[in-house]
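No lab work stands behind these numbers, since they all come straight from the coordinates. A quick note: this is a predicted structure, and the numbers were derived from the prediction, not measured. A quick note on method: Cβ atoms are made from the backbone with ideal geometry, for glycine too, and the neighbour counts reach across all protein chains shown.
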């Protein structure tokens, strides 16, 4: 009797599909829950005051960093309640999973849209230095920007 690989292949395809559906469900959940903490105290009051100013500043500039520092406990609260931020994790990006990373990248891309001079590639480069991630990880993020057309 000869072996027919098709049943095993179909089983494999179905298992991969099931795993991808788990990831899809988690991504859908993240898309619904993203940054909801910004809509409530203690964050909303500070974001109402500072966000318009941030729009006028270049990401990573001294003025931008000063505005973030002014956000104080509201920003700390935000990081503590949103796992797509490296600051949420004890070991930063090293403790994140791929779902966290994808949400983080989408967050960075959307944040670039708030700035007249926003550039996702520049943001990734600056955050590589800020969070200490490797050139390989930086390239992975850049490749994902291309694959998902996050520049648009």
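By per-residue mean of other Cβ atoms within 10 Å, what is the highest-first order of 66-72, 102-108?
Order by mean packing, descending: 102-108, 66-72.
Distance in nm between label sites at residue 65 and residue 139, each 7 Å beyond Cα in the beta-carbon direction?
Going from the residue 65 label point to the residue 139 one covers 2.9 nm.
Pulled fully out, how much extra length does the chain show between residue 39 and residue 130, if you take 0.36 nm times their separation in residues and subtract their Cα-Cα distance?
30.1 nm
Let me check against my output: what whole-number percent is the relative contact order of the stretch 92-152, with C-alpha pairs under 8 Å and at least 6 apart?
On the way: 28 pairs, mean separation 19.6, N = 61.
Result for the stretch 92-152 is 32 percent.
Could you order the peptides 80-86, 136-142 from most to least packed, using the average number of other C-beta atoms within 10 Å per residue?
Descending packing order for the listed peptides: 80-86, 136-142.
Going by average Cβ density within 10 Å per residue, which order do the peptides 10-16, 28-34, 114-120 take, highest to lowest?
Result, highest mean first: 114-120, 28-34, 10-16.
When only C-alpha pairs under 8 Å and at least 6 residues apart count, what is the relative contact order of the stretch 25-146, in percent?
Relative contact order, the stretch 25-146: 22 percent.
How big is the gap, in Å, between the Cα center of the stretch 50-67 and the Cα center of the stretch 134-152?
That distance is 24 Å.
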